[in-house]
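Undergrad: I'd like to ask you about the structure that follows.
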């Protein structure tokens, strides 16, 4: 089990975990021509972030998630657990925390974007009741994009 801590978006642990997440995605999709559009679609305006959570265990920061407002919706971003702690339930805790924030904000659904090469993430979101929806902006130019929603 991890301890979840709500932190500012710019918190050093949150920044470091997001950087790891982006590096992982860049490596995973490096061979896909659509990755040229990745940086433009993946930027996060700090002013749009509603909540940022970092998971900690005895080894330090091990997971991250944030939720932002995007065109009137709440979108979960940067769900990430360090490789050595995957499968430990930390992602379940992070996702539940983000869904809780969305409910607290009065949202009737939450949305998420991922890519077609993130097989573990696709299984994870399916297991948690997320269903496919059309690709929404700003991800339309990233051909490997997959988007999902969960009704709250």
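The values are calculated or read from the model by the stated rules, or taken from the named source; none is laboratory data. Everything quoted here is computed from the prediction, not taken from an experiment. Note that each Cβ is placed from the backbone with ideal geometry, even for glycine, and that neighbours are counted across all protein chains shown.
Undergrad: Of these, 78, 85, 68, which one is on the phi > 0 side of the Ramachandran plot and in contact with a strand residue (DSSP E or B) (Cβ under 7 Å, 6 or more places away or on another chain)?
TA: On the way: 85 fails: on the phi > 0 side of the Ramachandran plot; 68 fails: on the phi > 0 side of the Ramachandran plot.
Just a single option satisfies the conditions, and that option is 78.
Undergrad: What residue, of 102, 107, is over 14 Å from the mean Cα position of the chain (by Cα), at pLDDT 95 or above, under 17 Å from residue 73 (Cβ atoms) and buried (at least 17 other Cβ atoms within 10 Å of the Cβ)? Write out each step before concluding.
TA: On the way: 102 fails: over 14 Å from the mean Cα position of the chain (by Cα).
Only one candidate qualifies: 107.
Undergrad: How about region 134-152: which of its residues are under 20 Å from residue 95 (Cβ atoms) and over 16 Å from the mean Cα position of the chain (by Cα)?
TA: Taking region 134-152 first, the residues under 20 Å from residue 95 (Cβ atoms) are 136, 139, 145-152.
Matches in region 134-152: 151, 152.
Undergrad: Out of the strands (runs of 3 or more DSSP E) lying entirely within region 65-152, which hold 2 or more residues that are free of Cβ contacts under 8 Å to residues at least 24 places away in the same chain?
TA: It comes to 131-133.
Undergrad: Okay, next question. Could you please tell me which pairs satisfy a Cβ distance under 6 Å, a separation of 6+ or placement on different chains, a first residue in region 45-64 that is over 19 Å from residue 83 (Cβ atoms), and a second residue that is part of a loop (DSSP other than H, G, I, E, B) and at pLDDT 95 or above?
TA: Final answer for the pair search is 46/9; 49/9; 52/9.
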